[in-house]
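Q: This is the structure, below, for whatever I ask next.
The values are calculated or read from the model by the stated rules, or taken from the named source; none is laboratory data. Keep in mind the model is a prediction, meaning the values are calculated, not measured. In this analysis, Cβ positions are derived from the backbone assuming ideal geometry, glycine residues included, and neighbour counts consider all displayed protein chains.
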Amino acid sequence: MSQAATLTPQRPSPRAPQTTSRILLEFLGSMNLAVTLLVIVAIAAIIGTVLKQDQPYSDYLLRFGPYWFKVFRDLGLYDVYSATWFVFIMTFLVISTSVCVYRNGPRMLREMRQYRVKVQAKSLRLMRHHVEQETSVDAAGVAARARRLLENHGYRVREQDHGDHRVLAAMRGGFNRFGYLLTHIGIVVILVGGMLDSNMFLKMAVSLGKLKVETHDIPVSQVPASSRIGTWNPSYRGNVSIPEGSSANVLFLQLKDGYVVQQLPFTIAVKKFTVKHYVTGQPKDFESEVVVHDPRTGKTVHDVIRVNHPLDFDGDKIFQASFGDGGSKLQFKIWSLAGMSKPLDFKGTVFGKYALDTQDGKRQLEIDNFRMYNIEQVPGTDGETKPRDLGPSVTFKLRNTQGVANEYVNYLVPQKVDGTDYFLSGVRSEPNQPYRYLHVPMGPNGGVQRFMQLAEALHSPAILDDVAASMATTTLQAMGSGADAATHDKIEASIKRILQLFAKGGYPAVLDSVKERVPTDRQKEAADAFLKVLNAGLEGVYRRVLAKDGVSAPTQKDWDFFQAAVPTLSVLPLYGSPVYLQMTNFKQIQAAGLQITRYPGAKVVWIGALMLLAGIFVMFFVSHRRIWLRTEARGDGGTRVLFAGTSNRNMMEFDNHFAQLKDALFSKLRP
């Protein structure tokens, strides 16, 4: 019965039931999950590198169009590293890596301390590196020699007597396992540091309705409290433009399609801003002389911030990021393009908005920017393009009562084009369009007054009547006798009509009139006749302008100006503005564009990076090696020796190492 019981195979003990928590831990700590998350993070990093992040939504809209702009915005691709899904994945990755450490850490720490002195002879014989030999030396002598040998090679040795045999266990590089833990903990620390420096706190505040994104361009004093952030925010990166002689204690953080205002714990004042230029006028270097004051501690720092030389103030880094206008004071002459040659003197400042009454209705003037230097590639006399400074310019918008605006850029200094000096005025209706330039020829005495007088005369009914009547009389005289007053009036009306068409729509309006009034087979002949009449009429108008200026005998310079002015008068109706703004003087006020950052997680990331590098170094360059010596006494006083070893890395090197140990141990043992 006992024999039957002995032969009866024992059933394996049933496995403990899988609980929900155990299943969850296995899932979170699985390699498949970690690899999947890392692949998604890698793809997100590629997107964040290729697609420029944190730009104004208007830039993305112009680049991708309405449909794809909305798709990419909904996916959070314009701020990948702060997108909800990316933060969620990073959080999941932190949890997954932490679970790996939680599950495997205790086992690895035990392996670092366990010498396995209870190892069985069968297990040692199954190892790749093992050797058995008998010697006449007793077990104690063999163990003593082995101990000295292994300790000389840097092994830590433990020995245990099992009665019928003794086991000596040695280990070197046990902290290789610690490299695994250090690597995974370093990854967790890096991820936590990165999340600390993200704007996920702002995203959460917006999602919870505690923070509202401001989308209107309003002064900072008018930004509501719901769009302001206190000094509690642990990390931020924003920009602020501070004019010379001014100060600020807030920062603008780009968020979604607007911004929020970050309150700074200190005040920064720009005493002086300096820009250094190359000989071409391009900016070479710029720096700000600043004073930073913390009212909480009374700490005040005077310093100069340059590009790539930021100021570190109590954990906040202040960078010199850009420069721009700080509210320059400008002087203009506003010329009417439809009937008034006497200009209106006007003063304004950059970023100001002003109401204008024009002959075409009310307009709002919005002065956007002033630039001292404008470097453009201009063809030289040798045909090659070269950089040239076009001089100071002002950019502004003219907005009508319906809210529609054109953007203009006017230059202070005339530019020479094909040997003639022109004042340039660019115009566009959309920000993504190139400027179309109006070339206003400079008068013989300088300035634009002569051109404005000519434009005024072209819109003067009295001058047009006089010119048309004079031309009609000359025409009738050329026809000889027989012409009556009715014919004179008809010719005069036709000439005046052609001049009026040109004043309203330029050459295209005149040619369109020919197409409407003349049969197709006679249009070319009629167009030539109309243009001859028009040119004669324009010359008559110009002569009256010269006479009004006291010029009785026009010079070649006067006629060169006329030849340059007529094409400009033809395109003047396309200019889109009833007035022309001529900048006459300015007082430049520059502003320092500062970027201020606070990254408390940066030190955490550095610590994590050092842990990661140290862990990788330990894992790849430190081998965990174990050596065992099992001795068993023979009846004649000799000893049976089983010598074995294993390593987790660099097996080829361990082959040589084990052979050296074996030879050193058995070479002096008597058989």
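Q: Take segment 457-466 and flag every residue that is touching a helix residue (DSSP H, G or I) at 6+ places or on another chain (Cβ under 9 Å) and either aliphatic (A, V, I, L, M) or not assigned by TED's automatic domain parsing to the domain that holds residue 549 (or both).
A: 457, 458, 463, 464
Q: May I ask you to say which residue of 269, 248 is within 30 Å of residue 392 (Cβ to Cβ), in the same structural domain as residue 307 (by TED's automatic domain parsing) and touching a helix residue (DSSP H, G or I) at 6+ places or on another chain (Cβ under 9 Å)? Spell out how you get there, then give the answer.
A: Working: 269 fails: touching a helix residue (DSSP H, G or I) at 6+ places or on another chain (Cβ under 9 Å).
Answer to the selection: 248.
Q: Does residue 198 satisfy the condition of being within 22 Å of residue 597 (Cα to Cα) and either polar (S, T, N, Q) or crowded, with 17+ Cβ neighbours inside 10 Å (or both)?
A: Yes: the conditions hold for residue 198.
Q: In addition: Residue check, residue 327 against (1) touching a Ser or Thr at 6+ places or on another chain (Cβ under 6 Å); (2) part of a strand (DSSP E or B), all met but one. Which one?
A: Looking at each condition in turn, residue 327 falls short on (2).
Q: Would you check if there is a residue in segment 216-231 being touching a Phe, Trp or Tyr at 6+ places or on another chain (Cβ under 7 Å), of a type in the set (Asp, Glu) and assigned by TED's automatic domain parsing to the domain that holds residue 316?
A: Scanning segment 216-231 turns up no residue that is touching a Phe, Trp or Tyr at 6+ places or on another chain (Cβ under 7 Å), of a type in the set (Asp, Glu) and assigned by TED's automatic domain parsing to the domain that holds residue 316.
Q: Of the conditions (1) at pLDDT below 90; (2) more than 29 Å from residue 218 (Cβ to Cβ), residue 299 clears all except one; give me its number.
A: (1)
Q: Does segment 470-477 contain at least one residue that is modelled with pLDDT under 90, of a type in the set (A, V, I, L, M, F, W, C) and farther than 19 Å from residue 505 by Cβ? Before the answer, list the steps.
A: Here is the first cut: in segment 470-477, the ones modelled with pLDDT under 90 are 472-477.
Keeping just the survivors that are of a type in the set (A, V, I, L, M, F, W, C) gives 472, 476.
Adding the requirement that they be farther than 19 Å from residue 505 by Cβ leaves 472, 476.
Yes, the conditions are met somewhere in segment 470-477.
Q: Within segment 484-498, is even one residue assigned by TED's automatic domain parsing to the domain that holds residue 393, at pLDDT below 90 and acidic (Asp, Glu)?
A: Looking through segment 484-498, none of the residues is assigned by TED's automatic domain parsing to the domain that holds residue 393, at pLDDT below 90 and acidic (Asp, Glu).
Q: Does residue 608 qualify as being under 28 Å from the mean Cα position of the chain (by Cα) and either not in a helix (DSSP H, G or I) or not assigned by TED's automatic domain parsing to the domain that holds residue 356 (or both)?
A: yes
Q: If I filter segment 638-650 for residues that are surrounded by 17 or more Cβ atoms within 10 Å (Cβ to Cβ), out of contact with any strand residue (DSSP E or B) (no Cβ under 7 Å at 6 or more places or on another chain) and either part of a helix (DSSP H, G or I) or hydroxyl-bearing (Ser, Thr, Tyr) (or both), do I get at least one hit?
A: no
Q: Within segment 406-419, track down each residue that is crowded, with 16+ Cβ neighbours inside 10 Å and over 28 Å from the mean Cα position of the chain (by Cα).
A: 410, 411, 412, 414, 415 - these are the residues of segment 406-419 that are crowded, with 16+ Cβ neighbours inside 10 Å and over 28 Å from the mean Cα position of the chain (by Cα).
Q: Scan segment 335-360 for residues that are in a strand (DSSP E or B) and either within 20 Å of residue 588 (Cα to Cα) or among the charged types (D, E, K, R) (or both) and jot them down.
A: Matches in segment 335-360: 345, 346, 347, 348, 349, 353, 354, 357.
Q: When residues of segment 210-268 are filtered for being hydrophobic (A, V, I, L, M, F, W, C), buried (at least 16 other Cβ atoms within 10 Å of the Cβ) and either over 26 Å from residue 320 (Cβ atoms) or within 20 Å of the chain's Cα centre (by Cα) (or both), how many remain?
A: Number satisfying all stated conditions: 9.
Q: With touching an Asp or Glu at 6+ places or on another chain (Cβ under 9 Å) and either crowded, with 18+ Cβ neighbours inside 10 Å or more than 25 Å from residue 343 (Cα to Cα) (or both) as the only criterion, which of 579, 533 stands out?
A: Being touching an Asp or Glu at 6+ places or on another chain (Cβ under 9 Å) and either crowded, with 18+ Cβ neighbours inside 10 Å or more than 25 Å from residue 343 (Cα to Cα) (or both) holds for just one of 579, 533, which is 579.
Q: Quick check on my filter: what residues within segment 126-143 are within 13 Å of residue 641 (Cα to Cα) and touching a strand residue (DSSP E or B) at 6+ places or on another chain (Cβ under 7 Å)?
A: Listed by number, the residues that qualify are 130, 131, 132, 133, 134, 135, 137, 138, 139, 142, 143.
Q: Further, regarding this structure: Among the residues of segment 523-561, what is the count of those that are of a type in the set (D, E, K, R) and touching a residue at least 60 places away in the same chain (Cβ under 8 Å)?
A: The total comes to 6.
Q: Within segment 281-302, take every residue that is within 27 Å of the chain's Cα centre (by Cα) and outside any strand (DSSP E or B) and give me the one that is surrounded by the most Cβ atoms within 10 Å (Cβ to Cβ).
A: In this case the residue turns out to be 281.
Q: Just give me the residues in segment 345-379 being exposed (fewer than 14 other Cβ atoms within 10 Å of the Cβ) and not charged (D, E, K, R), in sequence order.
A: Listed by number, the residues that qualify are 355, 359, 361, 377, 379.
Per-residue answers, yes or no, for (1) under 30 Å from residue 430 (Cα atoms); (2) without any contact (Cβ under 8 Å) to a residue 24 or more places away in the chain; (3) over 35 Å from the mean Cα position of the chain (by Cα):
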site: 24; (1), (2), (3): no, yes, yes
site: 27; (1), (2), (3): no, yes, yes
site: 47; (1), (2), (3): yes, no, no
site: 77; (1), (2), (3): yes, no, no
site: 99; (1), (2), (3): no, no, yes
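Q: Just need a number here: residues in segment 645-671 that are without any contact (Cβ under 8 Å) to a residue 24 or more places away in the chain and farther than 27 Å from residue 179 by Cα.
A: 4
Q: Outside any helix (DSSP H, G or I), in contact (Cβ under 8 Å) with a residue 60 or more places away in the chain and either surrounded by 13 or more Cβ atoms within 10 Å (Cβ to Cβ) or on the phi > 0 side of the Ramachandran plot (or both), is that true of residue 467?
A: no
Q: Also, I was wondering about something else. State all residues of segment 470-517 that are buried (at least 18 other Cβ atoms within 10 Å of the Cβ) and acidic (Asp, Glu); if no residue qualifies, say none.
A: Once the filter is applied, which keeps residues that are buried (at least 18 other Cβ atoms within 10 Å of the Cβ) and acidic (Asp, Glu), segment 470-517 yields only 492.
Q: Also, I was wondering about something else. Can you find even one residue in segment 51-61 that is part of a helix (DSSP H, G or I), at pLDDT 85 or above and buried (at least 16 other Cβ atoms within 10 Å of the Cβ)? Full working, then the answer.
A: Within segment 51-61, the subset part of a helix (DSSP H, G or I) is 57-61.
Next cut, at pLDDT 85 or above only: 60-61.
After this cut, where a residue has to be buried (at least 16 other Cβ atoms within 10 Å of the Cβ) as well, the list is 60-61.
Yes.
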